[in-house]
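K.L.:
Got a structure for you, written out below as structure tokens; questions coming shortly.
The values are calculated or read from the model by the stated rules, or taken from the named source; none is laboratory data. None of the values given here were measured: they were computed from a predicted structure. Cβ placement follows ideal geometry from the backbone for every residue including glycine, while neighbour counts extend to all protein chains displayed. Please note that ligands, DNA and RNA were not included when accessible areas were found on the heavy atoms of the full protein model with its side chains. Shrake-Rupley method; radii C 1.70, N 1.55, O 1.52, S 1.80 Å.
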Amino acid sequence: MVGFSLNLHNAFCNTHNSSCNFLTALVCLQGMDAEAFRSIEINIPDNPGVYRYFDKDDQMLYVGKAKHLKKRVSSYFQKTDHSARIKLMVRKIARIEFTITNSEHDALLLENTLIKKHQPKYNVNLKDGKTYPYIVIKNERFPRIFFTRKRFDDGSTYLGPFTSKGKVESIFEFLRSVFPIRTCSYLLSENNIKNNKFKVCLEYHLGNCKGPCAGLQTEEEYNENVQSIIHILKGNMGMVKSTFKAKLQEHVSKLEFEQAEHMKQKLSAIEAFQGRSTVVNFQINNVDVFGYTETDDFAVVGYLKVMQGMITQAKTLLLTKKLQETKEELLEIAITDLRLQFHSDAQEIIVPFTVDAGDDAQFSQTIPLAGDKKKLLDLALKNALYVREEKLAGKEKRDARNNNVRVLETIQQDFKLTTLPYHIECFDNSNIQGSHPVASMVCFKNAKPSKKDYRHFNIKTVVGPDDFSSMHEIVYRRYKRLMEEGEALPQLVVIDGGKGQLHAAVDALKELNIYGKLAICSIAKRLEEIYFPDDPLPLYINKKSESLKVIQHLRDEAHRFAITFHRQKRSKAAVGSELDAIKGVGKNTTQKLLAHFRSVKNIRSAAMEDISAIIGPAKARVVYMHFHPETGSV
């Protein structure tokens, strides 16, 4: 068995103003291949998150994100169609770390941070859309405003990062249509403009720029547009609208109707944009909203920052209870922490219940029962509930995984196995006095049924009721095919039956030269005794043992699966034999009838006109007379 250790610890991480409650785990391995990976696969979570591969020298090889960590990490070791470079990387993996996140969005941000920090050998350089963009306002005369993926300490203003560039880009393009900003990279110094060094470009003629490079726009007017863009991106719509309204009135008072109309169009565009972006009443301005939910062990607080009806910031905070704190105490801690993090100066907070904020509190508390503020509180609660359910679901999954590991360890101990039996297969035969002999194989992985791996077998080489030879055939066929396809063998094979069936299966393994490479036993139905090869005495496991319950479940599943298949074959044979008994009706006619009527019962009750529509009047008469001889000539 490949050794591994699993160490868990909680950590809080704030990445780009978002909340990430991480669960980080370390899996150490001595060498890594598909077989070795299966021994630790059960410990990898199903959550979204980030995984990291390290080589034997503890150098980070790769960082990746995943919606489903177990599926993504498993694909590296289970698929065989990888490129040569991926196969080379997999061979170098000696250790795996993974970090669970609350969402794919958090995983994206964490992956980005780790790649930039460690620059793993097998990661693509971040020159494409994987690095999250900022909007930068350059520290220069007539500042340019554009997207960038790199931050420099040059005095410029950076807004972001933005995880959805497309959405922010569309907003940014709208703002540029309202506030013309230059796109050139000219050095617009006073001397260059005064000396007429530059000429206006196509953007000026299209109306997208007012030509500051040629002295056609003052620096004061340009900077007003820049400040308006910053205010809107931060959610301060009211300030921009007030400025526009004042300018509109100024133009009207001066009888500058053309300029007034132009200003009115801009104001209408901003109000339309605000209407699309507003969550609730835009008059709700500079308010902090706190939704609260809890369990016996932890509490979750959902935070929203609302500016003029728009949510400009959001975060979810998880607090672990230590001393049975009250909900009021926990919410008070969260309010203090979140307002400090976001430098909030909101004079009003919306809460589900009041907290003791002290006499010198700088905010008032509102507990809404209806209306727009109640909608905001419900939205904050919805985010908190989502995180709570995710955490509870994760705990249940971790508990289930731990239970599975314990069961596998019990089976390993009871059956004296050298490795954990994370992959077990069980075989059973089914026939009635040798008729329609079939068999089944069911598969359990991590002590749970893996129904996609169940298999049916038609017995091909055995005539008559010979369970031993039938068992030999199906075991031989099953593992011969696995070997030919390069698939992994199970750690334990269970045979439904006694010593005879077990010896037949062992002979099949010996013929394939794999006897000894996997454990094999049989379970007899009478006393649930377990037989092993070369051991005349059976093993009796405590009837309450979890390992015996798993083996019994395996046996019962194999029996059910085989019986179901056997009944299907008998039913098809009965249908075929009855229709085949009709003289003048061939195989094609039989197939047409069954395809349309679905069963012999339906054919028997069908009118001759209905049968004739399917196979023609001549054959229809033959079929109808077979089922209704009392009608005589029709």
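K.L.:
Run the simple label-point estimate for GLU169 and LYS517 please: 7 Å along Cα→C-beta, distance reported in nm.
P.N.:
5.3 nm
K.L.:
Give me the net charge of HIS596's neighbourhood, meaning all other residues with Cβ under 15 Å from the Cβ of HIS596; Lys, Arg count +1, Asp, Glu -1. Kindly include the intermediate steps, with their values, before the conclusion.
P.N.:
Details: positive: LYS592, ARG598, LYS601, ARG604, LYS619; negative: GLU609, ASP610.
Once positives and negatives cancel, what remains is +3.
K.L.:
Residue by residue through segment 404-415, what is 3J(HN,Hα) from phi via Karplus (6.51 cos²θ - 1.76 cosθ + 1.60, θ = phi - 60°)? Round to whole Hz and write x for glycine and proline.
P.N.:
4, 4, 4, 5, 4, 5, 5, 4, 4, 6, 5, 9
K.L.:
Go ahead and run the numbers for FRET between LYS416 and MET483, Cβ-Cβ distance against an R0 of 22 Å, rounding to 0.05. Let's see the in-between values first.
P.N.:
Details: r = 25 Å, r/R0 = 1.16.
In this case the efficiency is close to 0.30.
K.L.:
Please work out how much length the chain gains when fully extended from ARG85 to SER242, using 0.36 nm per residue of separation minus the C-alpha to C-alpha distance, in nm with one decimal.
P.N.:
Separation in residues times 0.36 nm, less the Cα-Cα distance, equals 50.6 nm.
K.L.:
Tell me, what ³J(HN,Hα) does each residue in segment 254-262 have, in order and in whole Hz, if you take phi through Karplus 6.51 cos²θ - 1.76 cosθ + 1.60 with θ = phi - 60° and put x for Gly and Pro?
P.N.:
My calculation for segment 254-262 gives 8, 6, 9, 5, 5, 5, 5, 5, 4 Hz in order.
K.L.:
Still on this model: Need one word for segment 200-254: rounded, prolate or oblate. Basis is the Cα gyration tensor (sqrt eigenvalues a ≥ b ≥ c); a/c below 1.5 gives rounded, then a/b vs b/c decides.
P.N.:
Details: a/c = 2.36, a/b = 1.42, b/c = 1.66.
The shape class here is oblate.
K.L.:
When the Cα atoms of segment 328-371 are enclosed in a convex hull and the volume is divided per residue, what value in Å³ results? Each step should come with its number before you reach the end.
P.N.:
Working: hull volume 3.4 nm³, N = 44.
In segment 328-371, the Cα convex hull volume per residue is 78 Å³.
K.L.:
Per residue, how much accessible area does segment 423-536 have with a 1.4 Å probe, in Å²? Could you put the intermediate results ahead of the total?
P.N.:
Numbers: 5220 Å² over 114 residues.
I get 46 Å² per residue for segment 423-536.
K.L.:
Taking K and R as +1 and D and E as -1, what net charge do the other residues with C-beta under 11 Å from the C-beta of THR326 add up to? It would help to have the intermediate numbers written out before the result.
P.N.:
Numbers: positive: LYS321, LYS327; negative: GLU294, GLU325, GLU328, GLU329, GLU332, ASP356.
For residues surrounding THR326, the net value is -4.
K.L.:
Going 7 Å from the Cα of SER189 toward and past its Cβ, which residues in segment 136-151 have a backbone nitrogen under 16 Å from where you end up?
P.N.:
140-142, by backbone N distance to the label point.
K.L.:
Where does each of THR243, THR418 land when they are ordered by accessible area, with a 1.4 Å probe and the largest first? Write out the running numbers ahead of the final one.
P.N.:
On the way: THR243 60, THR418 120 Å².
Highest to lowest solvent-accessible surface, that is THR418, THR243.
K.L.:
Please calculate the 1.4 Å probe accessible area of LYS121, with all protein chains present, and give it to the nearest 10 Å².
P.N.:
Accessible area, nearest 10 Å²: 120 Å².
K.L.:
With label points built 7 Å along Cα→Cβ from the Cα atoms of LYS121 and GLN59, find their separation and express it in nm.
P.N.:
My value for the distance between the label points is 0.4 nm.
K.L.:
With every protein chain in place, what's the accessible area of ASP356 (1.4 Å probe, Å², nearest 10)?
P.N.:
About 120 Å², ignoring ligands and nucleic acids.
K.L.:
Okay, moving on. Starting from the residue with the highest accessible area, list ASP428, ASP81, ASP55 in decreasing order, probe 1.4 Å.
P.N.:
Details: ASP428 10, ASP81 120, ASP55 30 Å².
Order by accessible area, largest first: ASP81, ASP55, ASP428.
K.L.:
Need the full-extension length gain, LYS321 to ASP378, defined as separation in residues times 0.36 nm minus the C-alpha distance. One decimal, nm. Walk me through the numbers before you get to the answer.
P.N.:
Values: separation 57, 0.36 × 57 = 20.52 nm, distance 2.36 nm.
Taking LYS321 through ASP378 to full extension adds about 18.2 nm, to one decimal.
K.L.:
Sticking with this one: Taking R0 as 41 Å, what FRET efficiency do you get between VAL463 and ASN402 from their Cβ-Cβ distance, rounded to the nearest 0.05? Numbers along the way, then the final one.
P.N.:
Details: r = 50 Å, r/R0 = 1.21.
Once rounded, the FRET efficiency stands at 0.25.
K.L.:
Report the net charge of residues surrounding TYR204, where surrounding means a beta-carbon distance below 12 angstrom and charges are Lys +1, Arg +1, Asp -1, Glu -1.
P.N.:
Working: positive: ARG182, LYS199, LYS210; negative: GLU203.
Residues close to TYR204 contribute a combined charge of +2.
K.L.:
Compute and list, largest first, the equivalent-ellipsoid semi-axes of segment 462-508 from the alpha carbon gyration tensor, each √(5λ) rounded to a whole angstrom. If you can, show how the numbers build up before the last one.
P.N.:
Values: eigenvalues 86, 34, 9 Å².
One finds semi-axes of 21, 13, 7 Å for segment 462-508.
K.L.:
Taking the Cα centre of segment 458-504 as origin, sum charge times position over the Cβ atoms of Lys and Arg (+1) and Asp and Glu (-1), and report the length of that vector in debye to the nearest 20. Mind showing how you got there, number by number?
P.N.:
On the way: 6 positive and 7 negative charges, 12 e Å.
Value, rounded to 20: 60 debye.
K.L.:
A further question follows. Hey, got the dipole for segment 513-563? About the Cα centre, +1 on K and R Cβ, -1 on D and E Cβ, debye to the nearest 20? Working shown, then result.
P.N.:
Details: 8 positive and 7 negative charges, 37 e Å.
Roughly 180 debye, rounded to the nearest 20.
K.L.:
With a Förster radius of 25 Å, plug the Cβ-Cβ distance of ASP345 and ASP153 into 1/(1 + (r/R0)^6) and report the FRET value to the nearest 0.05.
P.N.:
Numbers: r = 27 Å, r/R0 = 1.07.
For ASP345 and ASP153, the calculated efficiency is 0.40.
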